[in-house]
Amino acid sequence: MANKHYPAEFKADAVALYRSRPGATIAQIADDLGVNRETLRSWVRADDQRRGGSAGPASSAVKPQPAGPVEKENAELRRRIRELEEERDILRKAARYFAGETRW
């Protein structure tokens with residue numbers, strides 16, 4: 001199997017997707033993106049080193065919770081929208097990348 005070379009932007013987006021989904025595993029994200037699991041794992045490790053050794057998606061800064069139940073629900077919905085938009089953008093970029101690789 002030939003080694004694939006991914007653009008730096010795709011790598012950064014894949015790592016960002018992994019970090020934005022605390023319950024997801026590297027295997028799930030790699031399978032969703034069509035990337036080898038070890039490849040994604042190495043990108044995450046490289047990003048950890050670049051950031052100074054933070055350890056995975058649970059290492060993000062803790063934000064204070066909103067006071068009321070409506071504000072709490074709104075904050076959760078905004079977070080979910082951001083996550084879905086990021087996933088959509090990554091998949092669009094991946095589709096463009098792989099469409100450019102095909103030689104019919």
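FYI, it's all coordinate maths here, none of it is from the lab. Since this is a predicted model, take the numbers as computed values, not measurements. All Cβ positions, glycine included, derive from the backbone under ideal geometry; neighbour counts span all protein chains shown.
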In nm, the gap between the two label points placed 7 Å beyond Cα toward Cβ at R21 and E73 is 2.6 nm
Among S20, S42, which comes first, second and so on when ranked by fewest other beta-carbon atoms within 10 Å?
S42, S20
Quick one: Karplus J couplings for segment 26-36, per residue in order, coefficients 6.51, -1.76, 1.60, θ = phi - 60°, nearest Hz, x for Gly and Pro?
4, 4, 5, 5, 4, 5, 4, 8, x, 10, 4
Can you compute the modelled spin-label distance between N3 and N36, with each label point 7 Å from Cα toward Cβ, in nm?
0.9 nm
